[in-house]
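Asker: Attaching a single structure in structure tokens format; questions to follow.
The values are calculated or read from the model by the stated rules, or taken from the named source; none is laboratory data. Being a predicted model, the structure only gives us computed values, none of them experimental. Here the Cβ positions follow ideal geometry from the backbone for every residue, glycine too, while neighbour counts run over all protein chains shown. Each accessible area value is taken on the protein alone, full model and side chains, heavy atoms only, with ligands, DNA and RNA left out. Shrake-Rupley method; radii C 1.70, N 1.55, O 1.52, S 1.80 Å.
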Amino acid sequence: MTPAALIAAITAITTTVIAQSDLKVSTLQFPKATRVVSAYCADLDLDGRTDLVITTETDGHRELRTLLRRPIPPCFAGEPTVLRIDKDVVAFAFVDVLSRKGCELVVFTPERAVAMLPGENDTPIFESLFAHRILWPAAKKNALATMQSMVRDLDGDGLADFAVPEPDGARILLQRRSENGTTFVVNGTITLPAFRQPLAGKLGRSSMLAAQNKLGLAIVDDEPSSQIDPATRDPLLQIRTRSAPFHFADFDGDQRLDGIALRNEQLWLWRQESAGTFAPLATSLPLPLPEDRLSLFDPAFDVQFADLDLDGRSDLLVTTSAQRNDEIETRIDLYRQRAEHGPWPAMADSRLRLQTLAGAPQIVDADGDGKQDLVALTLRTDLLRGLDGTAKGIEVQLNIFRGDGNRFTLPALITKQLQLPAIGGPSDPLVVKVLAGKNGAPGALLLRTGDALQMRPLRRDGKRLLLDEPAWQHPISSKARLRTIAGEPGELLVLEDHELQHVRCQ
């Protein structure tokens, strides 16, 4: 481990700020030897504000850089805390594991979770927390994953706990503190059946519960060739396995978090019966999938949970594809959970029939009436050639459907044609996000138009919404990667190899 002060001295960050009336952009510039790998936000000092975590590589060494959020712009400025990550570390999370304010860095090797605690003279102290069985190696060499989504206060005692993903489930570890220090107690495991995927790509969309946390091992042809770069060869054989992503929410309305997972097109539920004790249902909950959905490849498949009718129980939103009259359509079905009918009724409370989706549906209060609406981007089927990335742009239609708490209603609040970058590729070019309104006012549309970000306000026109001209436009590189920030809907991170921009709109 290299002391943080030394790393910070040789890889300093330069900050510049651009401000407009409704837009504030701060730029963190890194030396050429430092490459930005990824970034996300989390509340590190537990002051109620999200802070910035950046993963970087410098001369083959991996680092974590953290910047605490300031109450005034630029939100992230000053000298970062920089920690070099050992080669045997495969994942990390920031967790409060000491009786002091703030979170500590917890790193994961393939066998153990270890807290990296501050010591004298910038020399860290390592404290083993618990053993686990993370799947490894990863599909990407030298990958460093974040486990932040698996850190939750599961038993409601105010202390952060873990739901660590394992080959076929997750292990529940509850944090306990005493005069002798902090321990993590294994409080059971959530076990799933073996993963079954009849055809590759069947779960074609990155759903909340579908296709995350892919881990794998590849075998490549090592025969020497002067014309083929070994690092870019296609594998002869590729083995993939998935640790199931878990969604924790109050499923049954008893104000306790329950565990929900999707595997083999079945929902599996673990109800929290007492503090930190999860009991599985005797059987899985079959998804209410339409019989005529596309069975070989479903490009729109998505599963979401949200309490839309505000009764304290999680409602189900299922998006699937079907074929009608030689055309592919998308169906978005809403099932409200009713205690008298079991988890959800046999018939959907509402169904929307749309053209092929260009992204998973978004649930947000777009019109400012206090109830959740549904945003869907539909793609003209005669423009599907843009999916291969060869087209310079593609035309999609923005659809916002009003939610009344019980269903999503027709006609749409707005249907608007948008010209967007071609879909596909590592640069995440397709970004359209509706920001929720405030104080009863409609929200706004945040979108990427190739080499720029725009924010276009939504405006009421009777019972419909109109899309105004951009309130601001900010140029970005066509190769930039965009990351949204959980809990901060009006903020984005724009990542390039040696630069990170924090975009904040009012």
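Asker: I need the strands (runs of 3 or more DSSP E) fully contained in the stretch 442-506, keeping only those with at least 1 residues that are touching a Gly at 6+ places or on another chain (Cβ under 7 Å) and not hydrophobic (A, V, I, L, M, F, W, C).
Answerer: Where strands (runs of 3 or more DSSP E) fall fully within the stretch 442-506 and carry at least 1 residues being touching a Gly at 6+ places or on another chain (Cβ under 7 Å) and not hydrophobic (A, V, I, L, M, F, W, C), they are 499-505.
Asker: Among the aliphatic types (A, V, I, L, M), surrounded by fewer than 20 Cβ atoms within 10 Å (Cβ to Cβ) and farther than 30 Å from Q355 by Cβ, is that true of L294?
Answerer: No; evaluated as a whole, the condition is false for this residue.
Asker: Does the stretch 32-53 include one or more residues that are of a type outside the set (A, V, I, L, M, F, W, C), open to solvent by less than 20 Å² (accessible area, probe 1.4 Å), in contact with a Lys or Arg (Cβ under 6 Å, 6 or more places away or on another chain) and within 16 Å of V106 (Cα to Cα)?
Answerer: Within the stretch 32-53 (the criterion being of a type outside the set (A, V, I, L, M, F, W, C), open to solvent by less than 20 Å² (accessible area, probe 1.4 Å), in contact with a Lys or Arg (Cβ under 6 Å, 6 or more places away or on another chain) and within 16 Å of V106 (Cα to Cα)), the answer is no, since none of the residues qualifies.
Asker: Among the residues in the stretch 437-444, are any farther than 27 Å from S26 by Cα and buried (at least 18 other Cβ atoms within 10 Å of the Cβ)?
Answerer: no
Asker: Give the stretch 395-414 a look and list any residue that's open to solvent by 70 Å² or more (accessible area, probe 1.4 Å) and within 17 Å of Q355 (Cα to Cα), or say none.
Answerer: L410, P411
Asker: What pairs come out if I take residues in the stretch 478-506 that are closer than 22 Å to I72 by Cβ and of a type in the set (K, R) and pair them with residues that are surrounded by 17 or more Cβ atoms within 10 Å (Cβ to Cβ) and modelled with pLDDT of 85 or more whose C-beta lies under 7 Å away, six or more apart or interchain?
Answerer: Once the first residue is closer than 22 Å to I72 by Cβ and of a type in the set (K, R) and sits in the stretch 478-506, its partners that are surrounded by 17 or more Cβ atoms within 10 Å (Cβ to Cβ) and modelled with pLDDT of 85 or more give R504/K24; R504/C75; R504/E491.
Asker: Here's another thing I want to ask about it. Checking I328 against (1) part of a loop (DSSP other than H, G, I, E, B); (2) without any contact (Cβ under 8 Å) to a residue 60 or more places away in the chain; (3) closer than 29 Å to L379 by Cα; (4) open to solvent by 60 Å² or more (accessible area, probe 1.4 Å): exactly one of these is not met. Which one?
Answerer: Here I328 clears every test but (1).
Asker: Going by the structure shown, is E496 modelled with pLDDT of 90 or more, of a type in the set (D, E, K, R), within 22 Å of the chain's Cα centre (by Cα) and surrounded by 14 or more Cβ atoms within 10 Å (Cβ to Cβ)?
Answerer: Taking the combined requirement at face value, the residue satisfies it.
Asker: So is D382 at pLDDT below 90, closer than 27 Å to E488 by Cα and either open to solvent by 30 Å² or more (accessible area, probe 1.4 Å) or outside any loop (DSSP other than H, G, I, E, B) (or both) or not?
Answerer: No.
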